[in-house]
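Please read the structure below before turning to the comments.
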Amino acid sequence: LRGNAHKSALIFVDNSGVDVVLGILPFVRALLQRGTKVLLCANTEPSLNDVTSGELSELLDKCCTHCSILAKAKQEQNLLVYANGQSGPCLDMRTLPSELCDAIQKHETDLLVIEGMGRTLHTNLYAKFNCETLKLAVIKNKWLAEHLGGDTFAVICKYEDAS
């Protein structure tokens, strides 16, 4: 992620709690400081320990009281939360809500970040996208780790250039 700032980053978040607060939001802050608009996407319905879009909006409101960068970006609509239309840990890009698809196009999204084992490894590891993509996950399943030639709890950080 060197060079010019991206116009817009679309980030599909995974787990509630520390994943979002200590992982995604500091990354979001850094993108905002570079001048990138950020679209945060979370599940529409609850699943396992995944954060929902409603919970993410509430969490973001609380974080904005502690971080002027997030607060300013949210106020200026450079930080937006969307529901992904999903109710499970996987991510089927074919069924994204039209509101989200319209926002992706409107904001000229040129960076896609997919976080989480289900979203990244189970459903999008080999998917090709038309923009720069970061696929992030921790392998929490022994069979999948062996299948991918790694260890359980190995970290996957796969960068792909625009195809």
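The values are calculated or read from the model by the stated rules, or taken from the named source; none is laboratory data. Predicted model, so just to flag it, every value in this text is computed and none were measured. Here the Cβ is made from the backbone with ideal geometry for all residues, glycine too, and neighbour counts use every protein chain on show. Quick note on the areas: whole protein, heavy atoms, side chains included, nothing else; ligands and nucleic acids left out. Shrake-Rupley method; radii C 1.70, N 1.55, O 1.52, S 1.80 Å.
List of remarks:
- Count of the range 61-84 residues which are of a type outside the set (S, T, N, Q) and within 14 Å of the chain's Cα centre (by Cα): 5
- Subset of the range 1-47 that is among the acidic types (D, E) and crowded, with 16+ Cβ neighbours inside 10 Å - its residue that is farthest from T109 (Cα to Cα): D19
- Unmet requirement for E99, which otherwise passes all of (1) over 15 Å from the mean Cα position of the chain (by Cα); (2) closer than 20 Å to N15 by Cβ; (3) open to solvent by 40 Å² or more (accessible area, probe 1.4 Å): (2)
- Taken over the range 76-110, the criterion of being closer than 19 Å to P26 by Cα and touching a helix residue (DSSP H, G or I) at 6+ places or on another chain (Cβ under 8 Å) is satisfied by N78, L79, L80, V81, Y82.
Conditions (1) of a type in the set (G, A, S); (2) at pLDDT 95 or above; (3) closer than 17 Å to L31 by Cβ, marked per residue:
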| site | (1), (2), (3) |
| --- | --- |
| K140 | no, no, no |
| L144 | no, no, no |
| G149 | yes, no, no |
| F153 | no, no, no |
| Y159 | no, yes, yes |
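- Among (1) surrounded by fewer than 18 Cβ atoms within 10 Å (Cβ to Cβ); (2) in contact (Cβ under 8 Å) with a residue 40 or more places away in the chain, the one test that M93 misses: (2)
- Breaking point among (1) closer than 20 Å to F27 by Cα; (2) at pLDDT below 95, for H66: (2)
- Filter pass, C157 being free of Cβ contacts under 8 Å to residues at least 40 places away in the same chain, under 25 Å from N4 (Cβ atoms) and not hydroxyl-bearing (S, T, Y): yes
- Complete set of residues in the range 48-86 that are surrounded by fewer than 16 Cβ atoms within 10 Å (Cβ to Cβ), of a type outside the set (A, V, I, L, M) and under 20 Å from L136 (Cα atoms): N49
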